[in-house]
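Novice: I am attaching a structure below and will ask some questions about it afterwards.
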Amino acid sequence: MRGRKLAKIIDKHCEYLRSSGGHRRYRGRHKEFTFAYHDGDDITGNMVRRVLVEDVGLTESEARKEVSR
């Protein structure tokens, strides 16, 4: 998955706080986190899962639905 697509999913579910250079700070359901990928970066499946489930706070099934859209 490209960084741009994952960033759109994050924007949909999280509150944007601030950015500094290529690092964007968000507030998810349970914690604040940094998303530090460029739009064209290719992100592996394990990392996509970690970001969506652990950082954003989605369930496994919600994360799968978002990725498949």
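No value in this document is a laboratory result; all are computed from the given coordinates. Since we're looking at a predicted model, the values are computed, not measured. Cβ coordinates were reconstructed from backbone atoms using ideal geometry, including for glycine residues, and neighbour counts include every protein chain displayed.
Novice: Just checking, which of Arg50, Arg25, Arg18 is touching a Ser or Thr at 6+ places or on another chain (Cβ under 8 Å) and not hydrophobic (A, V, I, L, M, F, W, C)?
Specialist: Arg25
Novice: Testing Arg25 on (1) in contact with a Lys or Arg (Cβ under 7 Å, 6 or more places away or on another chain); (2) part of a loop (DSSP other than H, G, I, E, B); (3) buried (at least 16 other Cβ atoms within 10 Å of the Cβ), one condition comes back false. Which one is that?
Specialist: (2)
Novice: Here are the criteria: (1) assigned to a helix (DSSP H, G or I); (2) touching a Leu at 6+ places or on another chain (Cβ under 6 Å); (3) of a type outside the set (A, V, I, L, M, F, W, C). Tell me which single one Asn46 does not satisfy.
Specialist: With respect to (1) assigned to a helix (DSSP H, G or I); (2) touching a Leu at 6+ places or on another chain (Cβ under 6 Å); (3) of a type outside the set (A, V, I, L, M, F, W, C), Asn46 is out only on (2).
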